[in-house]
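Here the structure is laid out as structure tokens; the discussion comes afterwards.
Please treat every number below as a calculation from the coordinates, not as lab data. Everything quoted here is computed from the prediction, not taken from an experiment. Backbone-built Cβ (ideal geometry, glycine too); neighbour counts: all protein chains shown.
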Amino acid sequence: MTSLPITLTINGHRHELEVDPRVTLLDLLRERLDLTGTKKGCDRGQCGACTVLVDGKRINSCLALAVSHDGANVLTIEGVAHGEELHPVQAAFIAHDGFQCGFCTPGQIMSTLGLIAEGQAGDDPERIREGLSGNICRCAAYGGIVEAVLEAQQQLAKADRRTAA
Amino acid sequence: MRDFDYIRPATIPDAIAAAAEPGSAYLAGGTNLLDLMKGGITSPERIVDISRLPELSRIERLDDGGLRIGALVRNADLAYDPAFAKSYPAVAEALLSGASAQLRNAATVGGNLLQRTRCSYFYDTASACNRREPGAGCDALGGENRLHAVLGWSDACIATHPSDFCVPLVALDAVVEIEGKKGRRHVTLEEFHRLPGETPQRENALEPGDLIVAVRLPAEAASFSANARYLKVRERTSYAFAIVSAAAALVVDGGKIRAARLALGGVAAKPWRARTAEAVLLGADASEATFASAADAALADASPSGDNAFKIELARRIVVRALMSALSGTPERLPALPASPFSNIPGARHDA
């Protein structure tokens, strides 16, 4: 099979690429574009380490063919901070020890961004746990992750109020 | 993954023509297909990407009071559609009890119906599986089979259908709208999935090229909205397939059951409509004793296909509890853990 031309906007940068149709979005990010923050855990949609936002929604990039997402807007962990300034979700994960080894953390943070944007969990820890059940942490830092999500939501809500005022 | 041709047709007729060729597979959300391709369980020569076909992503109210859900509507978009969740709460609850948030953002209505069994022997290409390779045999028989079917199984295959979504859908008389080379036709969801018999590889009513374009719910499906629940027992609290699940929907008036729907998940190769149980419920007192009789009727023909006799008693208890939950009323908001037995359900026993 010959390669197919696609265009992707990744972290605000437009990329024109030729891809083998078998290449997943995950492998494209890691192997072609050196965006290795997105992790390959199970590669079968079971662990969530590869979570990215596509057109604002969290998905498993390991189960997405890059060609099928031609034209999409992709946000990876590399595009979350503003320069040296951490995103409130990143800062909250550090403040609350929301990780141990760190391998699942990019996926946890991208999934948290999706969760907050969906607006379904609110400040209910049980709804947050359920909403993040697609992200496995083998170090079991779940307690800190839930605390981090709660604080990040508060920080973001405060920032929203400041913007609105 | 084996090499394949990638086609992205612009119209439904183009898609059907391309997919009618041998070795073709439709790609929508891809959450099941890519997993199967990576494992070598399926190796299509041609991928027909339908994810951008126009007109298939809409949720439409029909003039007759029914609902038409486009085949490409994402699971999360459907479950979080406020009007949908209000009219068909058990369907929304089932959707949200399935998979993970990431998968629900990608997986589609049509793909959910067409997902393959999670039987581990089907997934293991070193094992014999009649569903994957007709005539090869079934290593699940006599193997690790505590999660396998207890209804409608055959010596050729004891796998279950893994969908949560399909369970309340089949209870509510959902209809699958299919477009093929000969035009458009409607098949009830109850008839859409097949039991294995001697041909477990024939999983549903689709012919080569056939495309699911929509799923319809008839007007009557919304009449159960005040008393409809989905209950699902799994081996961990979230992000797991059902061991046994049940969708229950009632219309109760003056303590009598005026209409009843019941379906089971995780027990057969298809979402299992329990019509004999519905007949027991209809006109009877809305009581735990009635529900226990209905549960006995629902499982009357059940038999273990291996080390899974426990699922029959578990299913009886889940049926009773799902009906008790439905009777106590659809909650204003879905619980934090949708369909979970660990959610606090007023009036329901917690020792099922």
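Assuming a ≥ b ≥ c are the square roots of the Cα gyration tensor eigenvalues, decide whether the stretch A:37-115 counts as rounded (a/c under 1.5), prolate (otherwise, with a/b larger than b/c) or oblate. Cα axes put the stretch A:37-115 in the oblate bin.
Distance distribution note for the protein assembly as shown: the fraction of Cα pairs above 42 angstrom is 18%. Extending 7 Å from Cα along the Cβ direction at B:R68 and again at B:R184 yields two label points whose distance is 0.5 nm. The Rg/Rh ratio for the stretch B:31-97 is 1.09, where Rg is the radius of gyration of the alpha carbons and Rh is the Kirkwood radius.
For the protein assembly as shown, the 222 nm mean residue ellipticity estimated from helices alone, with every DSSP H stretch of n ≥ 4 adding -39500 (n - 2.57) and the total spread over all residues, rounds to -8000 deg cm²/dmol. Each 5 Å bin from zero up to the one holding the largest Cα-Cα distance in the stretch A:60-155 carries the following percent of pairs: 2, 13, 24, 24, 19, 11, 6, 1.
What whole number of Å gives the distance from the Cα centroid of the stretch B:181-224 to the Cα centroid of the stretch B:80-157? Cα centroid of the stretch B:80-157 versus Cα centroid of the stretch B:181-224: 16 Å apart. Once a ≥ b ≥ c are taken as the square roots of the eigenvalues of the Cα gyration tensor of the stretch A:1-82, is the result rounded (a/c under 1.5), prolate (a/b larger than b/c) or oblate (a/b not larger than b/c)? Oblate, since a/c reaches 1.5 and b/c is not below a/b.
By the combined test of axial Cα extent (at least 20 Å) and Kyte-Doolittle hydropathy (mean at least -0.5), the qualifying DSSP H helices of chain A come to A:142-164. Let a ≥ b ≥ c be the square roots of the eigenvalues of the Cα gyration tensor of the stretch B:212-271; is it rounded (a/c under 1.5), or, if not, prolate (a/b larger than b/c) or oblate? Here the stretch B:212-271 falls in the oblate category. Computed across the stretch B:227-328, the Kirkwood hydrodynamic radius from all distinct Cα-Cα pairs reaches 13.5 Å.
When chain B is treated as a GNM with alpha-carbon contacts under 10 Å, the residue of B:I41, B:I69, B:I318 showing the greatest mean-square fluctuation is B:I41.
Take every pair of alpha-carbon atoms less than 8 Å apart whose residues are at least six positions apart; their mean separation over the length of chain B yields a relative contact order of 17 percent. Ordering A:M110, B:M37 by the number of other Cβ atoms within 10 Å of each residue's own Cβ, fewest first, gives B:M37, A:M110. Put in order of Cβ neighbour count within 10 Å, fewest first, the listed residues A:L65, B:L141 become B:L141, A:L65.
Restricting the calculation to Cα atoms, every distinct pair contributes to the Kirkwood radius of the stretch B:5-52, found to be 10.8 Å. Only the Cβ atoms of Lys and Arg (+1) and of Asp and Glu (-1) were treated as charged; on that basis the dipole of the protein assembly as shown about its Cα centre amounts to roughly 560 debye. Averaged over the residues of B:106-115, the number of partner chain Cβ atoms lying within 10 Å of the residue Cβ comes to 1. Once C-alpha pairs closer than 8 Å and six or more residues apart are averaged by separation and normalised to the residue number of chain A, the relative contact order reads 22 percent. Within chain B, the percentage of alpha carbon pairs spaced more than 26 angstrom apart rounds to 47%. Dividing the mean sequence gap of close Cα pairs (under 8 Å, 6+ apart) by how many residues the stretch A:88-164 holds gives a relative contact order of 47 percent.
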